[in-house]
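The values are calculated or read from the model by the stated rules, or taken from the named source; none is laboratory data. All figures in this text were calculated on a predicted structure; none of them were measured in a lab. Heads up, the Cβs are rebuilt from the backbone with ideal geometry, glycines too, and the neighbour counts pull from every protein chain shown. Each accessible area value is taken on the protein alone, full model and side chains, heavy atoms only, with ligands, DNA and RNA left out. Shrake-Rupley method; radii C 1.70, N 1.55, O 1.52, S 1.80 Å.
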Amino acid sequence: RALVHCFAGCDTEDVLAAVGLEYRQLFRDDTDWRPVNGRTPGAPYLADAKFTLEMLKLTTEGGGQLTEKGRAQCLDAIEVIKAAGEQPAWFPPVPGQATRPGPVSQPEFDLIEWPPEETILGPFKTQQLALVYAPTGAGKTMFNLNLAYSMSQGVDVFGWKSAGPVKVLYIDGEMSAWELKSRLEGLHAPNLLIYSSVGMSMKSGCGPLNLATPEGQEDLLRWVEEHEIKAVFLDNLMSLNYVEGVSINSDESFRPFNRVCLELRSRGVLVITTDHANLAGGPHGTKTKTWHMNHSVSIKEVDDQADNEMAGFDTSTPVGRGKRIRVVWEKHRGREESGADGVLMTEEIVLTIGAVGQDW
């Protein structure tokens, strides 16, 4: 049989009519493939269906896009083939969805220019996932807010060098909007985008953000795309990820959240997730929570706070009179890497945290 294809999208009948041919002249003299003359107008035939499907497949393989009419013809052809008890050899791509590329040989893979991980601040880079966990009140939110502010401003913090300002999205799922606002008082950081799940739920009535649902994940990915976000802070896992009827300590509760984190990584975004520590001091749940992470960081209070007048965090506290915390890298891929000053990453550091944006 012969195939006729128009890359401009013309119907096969129009192409044949232009050169004075009929469908039957494209096939060998075989009743399985030759359309029957005098058929009922519009009556589907298996041969026509297979032919149509093959032609439309060639259109997409050649880089073309199916028109609405072409897609309708494709779906009709698939129905005819299925009705005949056969399985279609090809299905059209879903509109708006990229066709997933297949595997390539190692030499071809090596030639592809993959986007590199790029430093944002100190050990944190694009395409990385990090988990920060700590007991309640230890200072994990203040630690993260200082990181987020510094990344958005492009300033050094905690001895880590900044590579320049980037767009940062900080999502809080636990505090009231009033409390979050008070912690950010006095700042001016246009590159730092804030989303208070509790505040927005109260203001709009749309309900808290849940990243375990397709709707919540779609919202997050849309915000990242619209605002060209390079770093996302998710504070915290328990308040932003809820699976009905599943324990927060199970693998099943973390899988939807992990999926959206991997999606963000594939878009070149740094994701820093916050979690509460369990009674033993580790992160809640199983070890699978840290499998995909580049960094797993625990924060603990320094036992001796005698030299600090501050029991908690207070924006009115004088600069340099903050709370001391111990930051421990439980996991750090690329531990051998050094910062701009040539100093190797340490496994443990002690920081004094003040108000966001102040000296530490």
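A few points about this structure:
- In region 242-266, of all residues being polar (S, T, N, Q) and either at pLDDT below 85 or open to solvent by less than 50 Å² (accessible area, probe 1.4 Å) (or both), the one that is nearest to residue 216 (Cα to Cα) corresponds to 258.
- Region 234-265: number of residues that are without any contact (Cβ under 8 Å) to a residue 40 or more places away in the chain, hydroxyl-bearing (Ser, Thr, Tyr) and part of a helix (DSSP H, G or I): 0
- Scan of region 54-92 for residues that are among the charged types (D, E, K, R) and in a loop (DSSP other than H, G, I, E, B), ordered by number: 86
- Considering residues of region 191-208 that are within 28 Å of residue 165 (Cβ to Cβ) and without any contact (Cβ under 8 Å) to a residue 24 or more places away in the chain only, the residue nearest to the chain's Cα centre (by Cα): 200
- Verdict on residue 281 being under 23 Å from residue 171 (Cβ atoms), of a type in the set (Gly, Ala, Ser) and surrounded by fewer than 20 Cβ atoms within 10 Å (Cβ to Cβ): no
- Evaluation of residue 61 against the conditions (1) open to solvent by 60 Å² or more (accessible area, probe 1.4 Å); (2) of a type outside the set (A, V, I, L, M, F, W, C); (3) over 30 Å from residue 261 (Cβ atoms); (4) modelled with pLDDT of 85 or more shows that the sole unmet condition is (4).
- Candidate set from region 156-170 (those that are at pLDDT 95 or above and outside any loop (DSSP other than H, G, I, E, B)); member that is nearest to residue 139 (Cα to Cα): 170
- Against the test of being among the aliphatic types (A, V, I, L, M), open to solvent by 40 Å² or more (accessible area, probe 1.4 Å) and out of contact with any Cys (no Cβ under 8 Å at 6 or more places or on another chain), the options 232, 198 yield a single qualifying residue, 198.
- Residues of region 147-177 satisfying the condition of being in contact with a helix residue (DSSP H, G or I) (Cβ under 9 Å, 6 or more places away or on another chain) and among the polar types (S, T, N, Q): 162, 176
- Cβ-Cβ under 8 Å pairs, at least 6 apart or on other chains, region 17-28 side among the basic types (Lys, Arg), far side surrounded by fewer than 13 Cβ atoms within 10 Å (Cβ to Cβ) and in a loop (DSSP other than H, G, I, E, B): 24/37; 28/1
- Test: residue in region 171-183 that is at pLDDT below 90 and assigned to a loop (DSSP other than H, G, I, E, B): no
- If you go through region 87-126 and pick out every residue that is open to solvent by 40 Å² or more (accessible area, probe 1.4 Å) and either at pLDDT 85 or above or farther than 26 Å from residue 45 by Cα (or both), you end up with 25.
- Filtered residues of region 290-306 (kept if touching a residue at least 12 places away in the same chain (Cβ under 8 Å), open to solvent by 10 Å² or more (accessible area, probe 1.4 Å) and not in a loop (DSSP other than H, G, I, E, B)): 290, 300, 301
- For region 158-168, a tally of residues being open to solvent by 10 Å² or more (accessible area, probe 1.4 Å) and either of a type in the set (A, V, I, L, M) or in contact with a Pro (Cβ under 9 Å, 6 or more places away or on another chain) (or both) returns 3.
- Hey, residue 193 closer than 30 Å to residue 330 by Cα, open to solvent by 20 Å² or more (accessible area, probe 1.4 Å) and of a type outside the set (Val, Ile, Thr) or not: yes
- Which listed residue is open to solvent by 100 Å² or more (accessible area, probe 1.4 Å) and modelled with pLDDT under 85, from 28, 34, 71, 39: 28
- The residue that is surrounded by the fewest Cβ atoms within 10 Å (Cβ to Cβ), counting only those in region 133-156 that are farther than 18 Å from residue 230 by Cα and not hydroxyl-bearing (Ser, Thr, Tyr), is 137.
- Among the residues of this structure, residue 207 counts as one that is at positive phi and at pLDDT below 95.
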